[in-house]
1. Can you give the percent of C-alpha pairs in the chain whose distance is more than 46 Å?
2. Note the angle between two axes, namely the Cα long axis of helix 144-159 and the longest principal axis of the Cα atoms of the chain, as a number of degrees from 0 to 90, rounded to the nearest 10.
3. Helix 417-431 against the longest principal axis of the chain: what's the angle in degrees, Cα atoms only, rounded to the nearest 10?
4. Putting +1 on Lys and Arg Cβ atoms and -1 on Asp and Glu Cβ atoms, find which of Ala186, Ala201, Gly55 reaches farthest to the positive end of the dipole of the chain.
5. Can you put Ile461, Ile355 in order of accessible area, largest first, using a 1.4 Å probe?
6. Compute the angle between helix 107-121 and the longest alpha-carbon principal axis of the chain, please, reported from 0 to 90 degrees and rounded to the nearest 10.
7. Students sometimes get this wrong: rank Arg207, Arg52 by accessible area, probe 1.4 Å, all chains present, largest first.
8. Determine the dipole magnitude for the chain: charges of +1 sit on the beta-carbon of Lys and Arg, -1 on that of Asp and Glu, nothing else is charged, the reference point is the Cα centre, and the result goes in debye to the nearest 20.
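The values are calculated or read from the model by the stated rules, or taken from the named source; none is laboratory data. Note that the structure is predicted; figures quoted are calculated from it, not measured. In this analysis, Cβ positions are derived from the backbone assuming ideal geometry, glycine residues included, and neighbour counts consider all displayed protein chains. What goes into the accessible areas is simple: the full protein's heavy atoms, side chains included, and nothing from ligands, DNA or RNA. Shrake-Rupley method; radii C 1.70, N 1.55, O 1.52, S 1.80 Å.
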Amino acid sequence: MSRTTPTTTWDDLVTSAMLGTDRRTPPDGAPAPGSQAPLALLDAAAVHTVRRRAGLRPSTARPRPDPAPRDDRRELPGPARRRLAALLADRVAPAGSAGRRGAAPDLTELLPQWLAAAEAHGYRAPASALPALLDAARARTDLRPLALRFAGPRGIWLAGHNAEWRFALRGTAAGTALPAPGDGPAVRRLWEEGLFAERVALLGSVRAHDPGAAVALLSETWRTERAEDRLMFLDSLRTGLSDADEPFLEQALSDRSRNVRATAAELLSALPGSALAGRMAARAAECVGLDRMAKVAAIAVEAPYACDAGMERDGVAPAPPSGRGERSWWLGRLVEAAPLAVWPERLGGRTPEEIVALPAADGWGDELHAAWCRAAVRQRDPHWARALLGVSSQPTARGPGASSLAERASLLGTLPAGERAEWVAGFVSAHGLSEAFQLLGVCPVPWAEPLGRAVVDALDIARDAGSHPWSFSGVMGLAERCLDPGEASRLELLTATPDEPEGASPGAGGYWSEAFRRLVSTLRLRAAMQAELSA
């Protein structure tokens, strides 16, 4: 130690070490000459290191973090806790072989179901599972709402201590510690000082508790909000929309932003008794009526020739999208915003089914039907939805009033859950599964028994016909998530490898067997999960 002088710096020693003691003599006589120079340099470095460490002053301790908030939900049963750990530990989808998924259940698809079921039972997340749960939410944006709700306030607290989980702090209904909707001062403070996402979540919370209070809260700051924020806040009024919202929405029709005006008009058109709906009904009735010159009953259409200022204020954009004619665009906007109740009176007292069946002159039928579909969805009118859907066994994917499967799926959303499943079951029985994927997606889970049986029967028919099983991979994936676990025993019969019929795809039988075995094992695993959570 006596060979190191106070004037030797660490940088000097590092420079000598990098260049070599033969090329650069270490400063202040630290090294001995000749072959002893490297050892002397290391000794000097050691002494310097000890001196630096000895001179360090302890830093001031950081304040201890606030304790995690309480989570008063129920504790998970032991088997369910172990199941969650297994699901979180196996979050990567099985790779399979040569594009095959194998017969093992895909745990990545089961995790969302497990989280939804745990939330429905009112369980809280185990503290030990919070890091893995936040990692899973970070990796899968589709999982975040469920994962953050299950993580609860302790998960949000933990996310505040790790930059990689910052996404959880950006504010969601699950992630933000919202005040009670009835706590006026706290609600007002968060509304005035909160982040945008927190304010959206707060407005939704207040809206669910007291729709009028939410509108009053929004009215106070409406003029000072940015246009994009006004649009998001206005969109949140879809929940609990009622006639009481009409005065506020009428004012929004004069907003500076075209998008805000359009959204306000759309919301008002969903209120058949609103003044806007009345104005649109009057305009639409001038364009659509019975063809008095026709020998058989038909609809005559005279689409608007211009978009006047009144139409524009009521949300009709004067310029159509690319590929659309102006007159058909304006006609569609008027008809979709008019109350559906206006048409039976306007068209000779006919029922919706009779109206939909009427021919329309000059090729306006598709435009009218598409507008009525949008109106039925917007006004949540099941009577008109049934008329436009028609019977499920009709030979084409088109209904009497719906021109696409997307329209049919939207119309199905207005029907009660049981009726929706029954209609789709009839469609699958009549047309198979090749066009049913979009329709199956709007049915409540688990699928009702008639729908589940129709899907399984259709898969069995496709297998016996030698079809490519991978052509039905989407439906198979839906079945794994949506079939009632009670169907597993019936599906067991289909797990054997069938004899391949003449002309069938080579190896298709093995693929079908593998797919059905995966379906059965997934359903049994779902049944076990439900039993564990219900314990």
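1. Values: 54670 of 142845 pairs.
When all Cα pairs of the chain are counted, 38 percent exceed 46 Å.
2. Approximately 30 degrees, to the nearest ten.
3. 80
4. Working it through, the farthest residue towards the positive pole turns out to be Gly55.
5. Values: Ile461 115, Ile355 0 Å².
Result, largest first: Ile461, Ile355.
6. 80
7. On the way: Arg207 5, Arg52 120 Å².
Listed by decreasing accessible area, they come as Arg52, Arg207.
8. On the way: 62 positive and 64 negative charges, 425 e Å.
Value, rounded to 20: 2040 debye.
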